[in-house]
Amino acid sequence: MTTKPSFPADFLWGAATSAYQIEGSPLADGAGVSNWHRFAHRPGTIAHGDHGDTACDHYRRYEEDIQLMRELGLQAYRFSIAWHRIFPEGRGRLNPKGLDFYLRLADALNNAGIVPCATLHHWDWPAALDDQGGWAHRDSAQWFADYAHTLFRALDGRVKHWATLNEPWVIVHAGYIEGAHPPGVPAFAKAPHAAHNLLRGHALAVQAFRADGAGQIGLVVNLEPKFAASAKPEDQAALARSHAYMNRWFLDPVFLGGYPEEMADIFGADWPRFPEEDFKLIREPFDFLGINYYSRTVVRDEPANLPVRDARVRQRAEHTAMDWEVFPEGLKTCLTWVKQRYTTLPLYVTENGAAFADPPAVAGRVADPRRVAYLRDHLRAAHAALAEGVDLKGYFAWSLLDNFEWAHGYGKRFGLVRVDYPTGTRTPKDSARFYRRVIESRGAVL
Ligand SMILES: N=[N+]=NCCCCNC(=O)[C@@H]1[C@H]2[C@H](O)[C@@H](O)[C@H](O)[C@@H](CO)[C@@H]12
């Protein structure tokens, strides 16, 4: 007889989104041009020529979406703040109307009894900052800390749960190694500096929060368990490089005070020597770690595949529409690995979800059994981690709404709620109804 999972009474159940993916109205009310607005309008960058000019029109429909959150029984909502609405040029001139949107959003969430969980930077920022060197410029850390400080003061009393960065690894890998995200030009030698300045900016923002903020502040990283395709030494070495590159690059410095030794192997002569005082700053303590989990990867040695010299070995298993393997136990692996290697800080699953080729709505219903199964199995894995002593404080499904999936455009649907474009009609999927029952029963229905 397996006992039914029971999550703690104070476990925080939410759903997550990000600004550029759902808001639309990119230039409304004095907003500046963002890197993603400019990039998405560059021909050939986004599938189907999609862009975020409308997205889910959340900037205008946020009250309707908060009503949806209430119907789903959400206790918290993770969103991000669009920097270019606050400081159109990135620094200096503040745009009060841009700030006002987030004041209204936070007030509406609080009035609905939903905890606002704000991420300061979820990949979009003023294009002007990319033009001034982007995250590769050492001053970017201070640009970010100044922006963060402004928001801590402006939203004081409305937002008490903050995250500095969302997935700095993707900002660096996609933006500076692949060129698939802004700045959009592969700049291999800049990548280590961008990563380092993201970490410095995170730490400076935490220090600003300690001085002028109230509540909790944390960092959100993507983690992906890596497995070797064979016991061959070359595949084991590829595993070590791949694991260091995606999972340790950012967590080793913030918790252990230095980068993985594999980074110098991966970047070779382009791996810099950073000032020792930077590592003291980067270890600035924070209050929680957010973990975004989607899948695992099995890797083999592939010398031609730079810079990590690894290759994915596709498994005979279910895959999502992103061609990511469905691997629920990997969520428990991530949570227990962080506790064992790094920290006993409170953890949140800040993103977990899947894109599948959902059918259109029929009579107000969207049947998405594969997403229901994905959520059920991953929540069971989360509960198994809790049962093993991981201090897991909450779970945020990715995503509340179908939305702009970056370079993939609108073709990849992650939402608990279907969005039909261009009408923007919202239809809760079966997975939304399932998630509501999970929240109501504290997991007993799993
Ligand atoms: N190499 N490789 N393999 C996969 C690496 C996954 C990294 N991407 C993410 O985690 C992004 C995160 C983002 O926050 C959100 O804005 C995205 O919409 C979701 C869905 O894509 C996820």
Worksheet item: So in the chain, what percent of DSSP beta bridges are antiparallel if you round to the nearest 5?
Response: 20
Worksheet item: By how many nm would the segment from TYR342 to ALA187 grow when fully extended, if each residue of separation counts as 0.36 nm and the alpha-carbon distance is taken off?
Response: 52.8 nm
Fill in: Phi-based couplings in Hz for region 275-288 (Karplus 6.51, -1.76, 1.60; Gly and Pro marked x)
x, 4, 5, 4, 5, 5, 5, 4, 7, 3, x, 10, 9, 7
Worksheet item: HIS181's amide H: which non-local residues (gap 5+, or another chain) put their own amide H closer than 5 Å, with H modeled 1.01 Å from N in plane and none for Pro or chain starts?
Response: GLY175
Item to complete: Treating only the Cβ atoms of Lys and Arg (+1) and Asp and Glu (-1) as charged, compute the dipole magnitude of the chain about its Cα centre; round to the nearest 20 debye.
Response: 900
Discussion item. Please compute the contact order of the chain in relative form: average sequence separation of alpha-carbon pairs under 8 Å and at least six residues apart, divided by the residue count, as a percent.
Written reply: 18
Worksheet item: In whole percent, how big is the carbon plus sulfur part of the accessible area of region 243-372, probe 1.4 Å, protein atoms only?
Response: 51
Practice prompt. Express in nm, to one decimal, how much length is gained between GLU234 and ASP377 on full extension, taking 0.36 nm for each residue of separation and deducting their alpha carbon distance.
Written response: 48.2 nm
Practice prompt. Kindly sort TRP324, TRP123 by accessible area of their heavy atoms, largest first, with the probe set to 1.4 Å.
Written response: TRP324, TRP123
Discussion item. At R0 = 22 Å, how high is the FRET efficiency between LYS97 and HIS41 if r is their beta carbon distance? Nearest 0.05 is fine.
Written reply: 0.45
Worksheet item: Per residue, how many Å² of accessible area does region 231-299 show with a 1.4 Å probe?
Response: 40
Fill in: Under DSSP loop assignment and at most 11 Cβ neighbours within 10 Å, longest trypsin sites (Lys or Arg not before Pro)-free interval of the chain
94-272
Worksheet entry | Longest segment of the chain lacking GluC sites (Glu not before Pro) that sit in a DSSP loop with at most 16 other Cβ atoms within 10 Å | 90-260
Worksheet entry | Simple label model, 7 Å out from Cα along Cβ direction - ALA211 to ALA9, nm | 4.1
Worksheet entry | Per-bin percent of Cα-Cα distances, region 1-143 [5 Å] | 2, 9, 17, 20, 16, 13, 10, 6, 3, 2, 1, 0, 0
Response to the item:
antiparallel share of DSSP beta bridges within region 292-415, to nearest 5, in %, is 50
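The values are calculated or read from the model by the stated rules, or taken from the named source; none is laboratory data. The structure presented is a predicted model; accordingly, all values stated were derived computationally and were not measured. Please note: Cβ atoms are built from the backbone with ideal geometry, for glycine as well, and neighbour counts cover all protein chains shown. Just so you know, the surface numbers come from the protein's heavy atoms only, side chains and all, with ligands and any DNA or RNA stripped out. Shrake-Rupley method; radii C 1.70, N 1.55, O 1.52, S 1.80 Å.
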